[in-house]
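Only one structure is covered here, and it is reproduced in the block below.
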Amino acid sequence: MTNLATLNFTDVQLTAIDTAINELERQLAGLVALTTADKRRATKLGEKSEYFCRQTLRMLSENPQLIPPNLDLADAVADLNARDALRPRLMRLTRLLERGEDTDFALGSDAMAAAMRGYGLLKAVSGREGLDQLRRDLGSRFSKTRRLAPEEKKAA
């Protein structure tokens, strides 16, 4: 049986993690949540468009006489600068989240593998040890249809 992950947190560590997450949420309070419809309607800045965007904003900065009154160049430049500042931090958070999700999966897998091994042992000894009811209860996890508990059978 392979142990994919081992992780034990102290109360001090959990408190420090919660404090750090609270601080991240406080510092990143300006982050927005867009609906799928909002994302569909929005103009996208992909890899190919980024060069175009940067060059156009630079050109407008160098030629202010071209800027119409309804175009807020300073706001667009500020948005691009904020994006540049945010992206490396989001990449770090994404990597951390991916490792967290992988660790969550591994810990669950380790626990389930041990439970399956224990269930196999239970099946082997249940008749001798008076564990038949426990084996049946746990075995319901594998049944194709849900088994009714004795109280549910009476009600049905």
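With both labels modelled 7 Å from their Cα along Cα-to-Cβ, the V32 to R95 distance reads 2.9 nm. Among V12, V125, V77, sorting on how many other beta-carbon atoms sit within 10 Å of each Cβ, with the fewest leading, yields V12, V125, V77. For the chain, the mean residue ellipticity at 222 nm estimated from helices alone is -24000 deg cm²/dmol, where every DSSP H run of n ≥ 4 contributes -39500 (n - 2.57) and the total is divided by all residues, rounded to the nearest 500.
Only one item in [x] 58, 21, 15; [y] 40, 18, 13; [z] 30, 22, 13 matches semi-axes √(5λ) of the Cα gyration tensor in Å derived from the coordinates shown, and that item is [x].
When you filter the trypsin sites (Lys or Arg not before Pro) in segment 1-63 for DSSP loop state and at most 10 other Cβ atoms inside 10 Å of their Cβ, you are left with K44.
Modelled spin-label separation between T43 and A115, with each label point placed 7 Å from Cα along the Cα-to-Cβ direction: 5.2 nm.
If you run the Gaussian network model on the chain, springs between alpha carbon atoms under 10 Å, then out of M112, M91, M59 the most flexible one is M59. Loop-resident chymotrypsin sites (Phe, Trp or Tyr not before Pro) (DSSP state other than H, G, I, E or B) in segment 1-70 with no more than 11 further Cβ atoms inside 10 Å of their Cβ: F9. Which residue, L80, L121, Q65, has the largest displacement toward the positive end of the dipole of the chain when charges sit on each Cβ (Lys, Arg +1; Asp, Glu -1)? The residue sitting farthest along the positive end of the dipole is L121. 3J(HN,Hα) couplings calculated from phi for segment 36-42 with the Karplus curve 6.51 cos²θ - 1.76 cosθ + 1.60 (θ = phi - 60°) are, in sequence order, 4, 5, 4, 5, 5, 6, 6 Hz; Gly and Pro show x. Under a 5 Å amide H cut-off, with hydrogens placed 1.01 Å from N, L4 pairs with D110 among residues at least 5 apart or on other chains. Assuming charge only on the beta carbon of Lys and Arg (+1) and of Asp and Glu (-1), the dipole of the chain about its Cα centre is about 960 debye to the nearest 20.
The residues neighbouring D110, those whose beta-carbon lies less than 12 Å from its own, together hold a net charge of 0 under the Lys/Arg +1, Asp/Glu -1 convention.
Evaluating 6.51 cos²θ - 1.76 cosθ + 1.60 at θ = phi - 60° for every residue in segment 110-123, the Karplus couplings come out as 4, 5, 5, 4, 5, 5, 5, 5, x, 5, x, 5, 4, 4 Hz, glycine and proline recorded as x.
Averaging the sequence gap over all C-alpha pairs within less than 8 Å and six or more residues apart, then dividing by the number of residues, gives the chain a relative contact order of 32 percent.
Bear in mind that the values in this text are calculations on the coordinates, not laboratory data. In this text the structure is predicted, and so the values were computed from the model without any measurement. Positions of Cβ are generated from backbone atoms using ideal geometry, with glycine treated the same way; all protein chains shown enter the neighbour counts.
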